[in-house]
Structures are given as structure tokens and as C-alpha cells.
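A.B. asks: I am attaching a structure below and will ask some questions about it afterwards.
The values are calculated or read from the model by the stated rules, or taken from the named source; none is laboratory data. Being a predicted model, the structure only gives us computed values, none of them experimental. Virtual Cβ from ideal backbone geometry, glycine too; neighbours counted across all protein chains shown.
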């Protein structure tokens with residue numbers, strides 16, 4: 001089996017939305033899975049792809065998409081641990097089809113992501129990991145941080 005990675009394109013919008021849905025569904029987050037299929041998310045995703053603010057890779061086997069990873073560069077204030085860092089890479093929508101997991105595809109996508117961030121001079125990246133995926137990311141050098149969220153009404 002030969003896996004190839006290609007850059008995401010605006011024509012991948014439906015695929016990315018489906019991957020996002022399936023990613024949240026597999027994690028047991030049914031509200032987030034449902035949100036991934038809303039017109040609001042699809043419109044955001046299409047705009048982000050067209051503007052280039054969302055980039056990343058689609059993994060293919062024999063021309064069929066089997067996974068993907070999304071990347072963004074976001075402005076970020078300097079922090080005591082990274083006082084000179086004004087932007088962070090943001091990794092999202094990491095997904096590999098169940099029948100292709102355990103074959104190193106996610107590892108290849110994450111290595112390509114690191115290279116894409118390096119090309120953009122991004123030296124610090126963040127992502128949100130499920131409990132299931134956290135040990136995999138930790139093996140690749142990711143460290144857990146404390147983050148909280150609040151809805152402002």
C-alpha cells in the first residue's frame with residue numbers, strides 16, 4: 001500500500017466536513033459531529049479553503065482519500081514560555097478512515113504538518129486531542145496544556 005499526501009484544495013470542502021463529522025462521532029461528541037455538517041461550518045470551511053487560511057493535507061491510497069489534516073496559522077500574544085512567538089500553528093480535523101488506522105498515515109500527516117509550519121516560520125503549534133489520541137501525540141513530542149472554554153452570552 002502506497003500512501004500519498006497532497007495539499008488540501010477548495011474542492012475538498014465536503015470531504016473535510018465529513019472527516020470532521022466522523023472524527024467527532026468516533027470520539028463520542030455527537031453535538032460537535034452534528035455541527036460539522038451545518039451550513040455555517042461548511043460556509044466557514046469553504047471560505048477558509050478559498051482564502052488559504054486553512055491548509056493541510058489529504059492522504060490518499062490508490063487515489064482514494066483515506067485521511068486528512070487541517071492547519072491554520074493564528075495570531076497569538078507573546079507568552080512567558082514563548083516570549084517571541086506572535087503566531088501559533090493550529091492543527092485540526094486530524095482524521096484517518098478506520099480501516100486505514102495503525103499504518104502510520106496520521107504520523108506521516110503530522111510530519112508533513114510540521115514541515116508546512118516550518119516553511120511558514122511557525123515555531124509553536126497547538127491542537128486539541130481526545131483521550132484516545134493523546135498518547136499518540138505525546139510520542140511525537142506534543143505536551144498537554146491546561147485550557148478552558150466558556151460560552152459568552
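A.B. asks: Just checking, how many residues over region 32-65 are within 14 Å of residue 8 (Cβ to Cβ) and either out of contact with any helix residue (DSSP H, G or I) (no Cβ under 8 Å at 6 or more places or on another chain) or not in a helix (DSSP H, G or I) (or both)?
C.D. replies: Kept after step one, since they are within 14 Å of residue 8 (Cβ to Cβ), are these residues of region 32-65: 45-60, 65.
Cutting the leftovers down to either out of contact with any helix residue (DSSP H, G or I) (no Cβ under 8 Å at 6 or more places or on another chain) or not in a helix (DSSP H, G or I) (or both) gives us 47-48, 51-60, 65.
Count: 13.
A.B. asks: Can I ask one more? Of the residues 111, 27, 59, 115, only one is within 15 Å of the chain's Cα centre (by Cα), at pLDDT below 95 and either surrounded by fewer than 12 Cβ atoms within 10 Å (Cβ to Cβ) or under 23 Å from residue 138 (Cα atoms) (or both); which?
C.D. replies: Answer to the check: 27.
A.B. asks: Name every residue in region 73-86 that is touching a residue at least 12 places away in the same chain (Cβ under 8 Å), surrounded by fewer than 17 Cβ atoms within 10 Å (Cβ to Cβ) and in a strand (DSSP E or B), in order of residue number.
C.D. replies: 74, 75, 82
A.B. asks: Out of (1) modelled with pLDDT of 95 or more; (2) assigned to a strand (DSSP E or B); (3) surrounded by 14 or more Cβ atoms within 10 Å (Cβ to Cβ), the odd one out for residue 126 is which?
C.D. replies: It is condition (1) that residue 126 fails.
A.B. asks: Does region 30-43 contain any residue that is within 13 Å of the chain's Cα centre (by Cα) and buried (at least 17 other Cβ atoms within 10 Å of the Cβ)? Full working, then the answer.
C.D. replies: Of region 30-43, the ones within 13 Å of the chain's Cα centre (by Cα) are none.
Checked region 30-43: no residue is within 13 Å of the chain's Cα centre (by Cα) and buried (at least 17 other Cβ atoms within 10 Å of the Cβ).
A.B. asks: For region 89-106: of the residues being surrounded by fewer than 19 Cβ atoms within 10 Å (Cβ to Cβ) and closer than 22 Å to residue 119 by Cα, which is farthest from the chain's Cα centre (by Cα)?
C.D. replies: Filtering region 89-106 for residues surrounded by fewer than 19 Cβ atoms within 10 Å (Cβ to Cβ) gives 90, 92, 97-104.
Okay, now just the ones that are also closer than 22 Å to residue 119 by Cα, so 90, 92.
Values: 90: 7, 92: 2 Å.
Here the residue is 90.
Matching residues to (1) out of contact with any helix residue (DSSP H, G or I) (no Cβ under 9 Å at 6 or more places or on another chain); (2) under 20 Å from residue 27 (Cα atoms); (3) in a loop (DSSP other than H, G, I, E, B):
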{"site": "109", "(1), (2), (3)": "yes, yes, no"}
{"site": "121", "(1), (2), (3)": "yes, no, yes"}
{"site": "130", "(1), (2), (3)": "no, yes, yes"}
{"site": "145", "(1), (2), (3)": "yes, yes, yes"}
{"site": "153", "(1), (2), (3)": "yes, no, yes"}
